[in-house]
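Trainee: Mind looking over this structure? Questions follow.
A short reminder: the numbers here are calculations on the coordinates, not readings from a lab. Since the model is a prediction, treat every value here as computed from it, not as a measurement. Here the Cβ is made from the backbone with ideal geometry for all residues, glycine too, and neighbour counts use every protein chain on show.
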């Protein structure tokens, strides 16, 4: 474990050391999650799972449902099924060579 001492500015900001930013591939605009547990503060890079969880919670609220573990589990199950279908379809397209290379996609996007 490595420890760093940082100073909090008058605006409540601090700089993550370059070694930490590099290790976790953080750059300007990257989002991190702050977790407070008793006297401990933990920073974690936000993941796709975190973003999806936010979408699930927003959907629950939009539908006027109470946020309970059971409701969250129901939405996560639906989301997992949707991902399973997308993965299966993608695997089928890949096996039929119905895909575009990243280089070709980049080239097409540059021409837009």
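Trainee: Within the range 64-71, can one find any residue that is surrounded by 10 or more Cβ atoms within 10 Å (Cβ to Cβ) and either touching a residue at least 40 places away in the same chain (Cβ under 8 Å) or within 18 Å of the chain's Cα centre (by Cα) (or both)?
Mentor: No: zero hits.
Trainee: Kindly indicate which of 52, 26 is part of a helix (DSSP H, G or I), in contact with a helix residue (DSSP H, G or I) (Cβ under 9 Å, 6 or more places away or on another chain) and either closer than 21 Å to residue 3 by Cα or without any contact (Cβ under 8 Å) to a residue 40 or more places away in the chain (or both).
Mentor: Result of the check over 52, 26: 52.
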